[in-house]
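What follows is a single structure, written as C-alpha cells, with notes after it.
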Amino acid sequence: MMRVDVDGERCQGHGMCAFHGPDVFQLDELGFSRPGLRDVPPELEGQARRGALACPERAIEVRETEGDRA
C-alpha cells in the first residue's frame, strides 16, 4: 500500500497534482490540494506518483507502507 501526504503550508494551488492524479488528489474551492495523509489503493499508485512529481512546490510526499503480511 502507498500513502500520500500533502503539506498544506507548501501547496500554492497550482492544481497539477489533481490534473495528473484526479482520483487521488482533491482540490478545495480555491484550488489548493486538501492537506493530510491518504491511503492509496494499488490501482491508483501511478496517479499518486505522477501527481506528486508534477507539484512544483514539492508539497506532496509519497511513501510505501508495510502491508498486512501473513
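Within 9 Å, Cβ to Cβ, of ARG3, how many net charges do the neighbouring residues add up to if Lys/Arg are +1 and Asp/Glu are -1?
On the way: positive: ARG38, ARG63; negative: ASP5, ASP39, GLU61, GLU64.
So the environment of ARG3 carries a net charge of -2.
Near ARG49: Cβ cut-off under 14 Å, other residues only, Lys/Arg at +1 and Asp/Glu at -1. The net charge is -1.
Between PHE19 and THR65, what length in nm is gained on full extension when 0.36 nm per residue of separation is reduced by their alpha carbon distance?
Values: separation 46, 0.36 × 46 = 16.56 nm, distance 2.45 nm.
Working it through step by step, the gained length comes to 14.1 nm.
Along the range 3-20 the Karplus relation, 6.51 cos²θ - 1.76 cosθ + 1.60 evaluated at θ = phi - 60°, assigns HN-Hα couplings of 10, 10, 10, 9, 8, x, 6, 8, 4, 10, x, 5, x, 5, 4, 5, 5, 8 Hz to successive residues, with x for each Gly and Pro.
How tilted is helix 45-54 with respect to the longest principal axis of the chain? Cα atoms for both, answer in degrees (0 to 90, nearest 10). Compared with the principal axis, the helix lies near 30 degrees.
Each residue, ARG34 and ARG50, gets one label point 7 Å from its Cα in the Cβ direction; the gap between the two is 2.2 nm.
None of the figures in this text is laboratory data; all of them are computed from the coordinates on show. None of the values given here were measured: they were computed from a predicted structure. Because the Cβ atoms are built from the backbone with ideal geometry, glycine has one as well, and the counts that use them run over all protein chains shown.
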